[in-house]
Amino acid sequence: DYVGPFASKKSAEKCLAALHDTFPVRQCSDRLSREPSRAPCVLAEMGRCLSPCDGSVDATTYAAVVRQLRDTLLRRPDEVVESINARMAALAADERFEEAGIHRDRLSAFVRAAARTQRLSALTRCPEVVAARREDDGRWAVHVVRFGRLAAAGAIPPGADAHQFVAELRASAETVAGAPGPVPAATAEETEKILRWLESPGI
């Protein structure tokens, strides 16, 4: 049910399909034991999974492929784009237009998700951002954002010491721990709202 940086569950499924078409990582969600003992699945026999469950690949090699997949989503989507474009061209040349259309939809979902992920990660990588804007009533609204999550907010009272107010707001703000992933501490929707506020005039 995870949606994360995707527009919908359906978009997430299409994006994941695009990634699985390019990277042979496992698609099952079962827990793996330290000592591989399971028989390979159909995807492994088709060459679409490195099959860590039966020991066909060592942990170091598999982890490198997973890092490459993550890097593709966060920074460099070229490999997936090129792979799917080549597959679409081959299918179209064989007049298998319906299958080519499926890959086109997957590519479209992946590109949108990659762009959204990269936009979100620009903020979610920051341990702390303190931003302020002068409101219509003359007061300054201050927001403390940690790893893409709103940790505290307040308005500086008239006549108050601004530096002291901000210091106290930061001290009382929610403790937010960083974590792997483009949206480690908040929903994609919350982080996008914060980004829009940060990009608005007068911040």
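Among the trypsin sites (Lys or Arg not before Pro) within the stretch 34-84, which fall in a DSSP loop and have no more than 13 other Cβ atoms within 10 Å of their own Cβ? Kindly include the intermediate steps, with their values, before the conclusion.
Values: sites: ARG34, ARG38, ARG48, ARG67, ARG70, ARG75; in loops: ARG34, ARG38, ARG48, ARG75.
Hits after loop and neighbour filter: ARG34, ARG75.
I'd like the carbon and sulfur percentage of the solvent accessible area for the chain, probe radius 1.4 Å, heavy atoms only, ligands and nucleic acids excluded.
53 percent
Aspartates and glutamates near LYS14 by alpha-carbon distance under 12 Å, same-chain residues fewer than 8 away left out - which ones?
Excluding near neighbours in sequence, the set is ASP105.
Say R0 is 30 Å: what FRET efficiency, to the nearest 0.05, do ALA171 and LEU74 get from their beta-carbon distance?
Using R0 = 30 Å, I get an efficiency of 0.40.
Of the labelled options (1) 51, 34, 28; (2) 62, 49, 24; (3) 72, 45, 25, which one gives Cα extents along the principal axes in Å as computed for this structure?
(3)
Taking the Cβ of LEU73 as the centre, find all other residues whose Cβ is under 13 Å away and add up their charges (Lys, Arg: +1; Asp, Glu: -1).
Within the 13 Å Cβ shell, the charges total +4.
Could you pull the accessible area for TRP140 with a 1.4 Å probe, rounded to 10 Å²?
Accessible surface of TRP140 is approximately 100 Å².
Determine the sum of side-chain charges near PHE147: Lys and Arg each +1, Asp and Glu each -1, restricted to other residues whose C-beta is under 11 angstrom from that of PHE147.
Local charge sum for PHE147: +1.
How much net charge surrounds ALA122 when only other residues with a Cβ under 14 Å from its Cβ are counted (Lys, Arg +1; Asp, Glu -1)?
Its environment carries a net charge of +3.
Starting from the residue with the highest accessible area, list CYS53, CYS28 in decreasing order, probe 1.4 Å.
Result, largest first: CYS28, CYS53.
May I ask you to list, by number, the DSSP H helices of the chain whose Cα span along the axis is at least 27 Å and whose average Kyte-Doolittle hydropathy reaches -0.5 or more?
97-124
With a cut-off of at most 16 other beta carbons within 10 Å, and DSSP calling the residue loop, which GluC sites (Glu not before Pro) in the stretch 17-107 qualify? Please list them.
When the GluC sites (Glu not before Pro) of the stretch 17-107 are filtered for loop state and at most 16 Cβ neighbours within 10 Å, GLU95 remain.
At 7 Å along Cα-to-Cβ for each site, give me the label-to-label distance between VAL42 and ALA141 in nm.
Spacing of the two 7 Å Cα→Cβ label points: 5.4 nm.
Modelled label-to-label distance, VAL66 and LEU198, 7 Å Cα→beta-carbon offset: nm?
A separation of 2.8 nm, rounded to one decimal place.
How much length would be gained if the chain were fully extended between ASP30 and HIS163, taking 0.36 nm per residue of separation minus their Cα-Cα distance, in nm to one decimal?
Here the segment from ASP30 to HIS163 would lengthen by 42.7 nm.
Please calculate how many Å² of accessible area the chain carries per residue, with a 1.4 Å probe and no DNA, RNA or ligand atoms counted.
With all protein chains present, the chain gives 60 Å² per residue.
Once both labels are modelled 7 Å past Cα along the beta-carbon direction, what's the ALA131-ALA92 spacing in nm?
Here the answer is 4.0 nm between the modelled labels.
The values are calculated or read from the model by the stated rules, or taken from the named source; none is laboratory data. What you see is a predicted model, and the numbers here were worked out from it, not measured in a lab. Backbone-built Cβ (ideal geometry, glycine too); neighbour counts: all protein chains shown. Areas reflect the complete protein model, heavy atoms only, side chains present, ligands, DNA and RNA absent. Shrake-Rupley method; radii C 1.70, N 1.55, O 1.52, S 1.80 Å.
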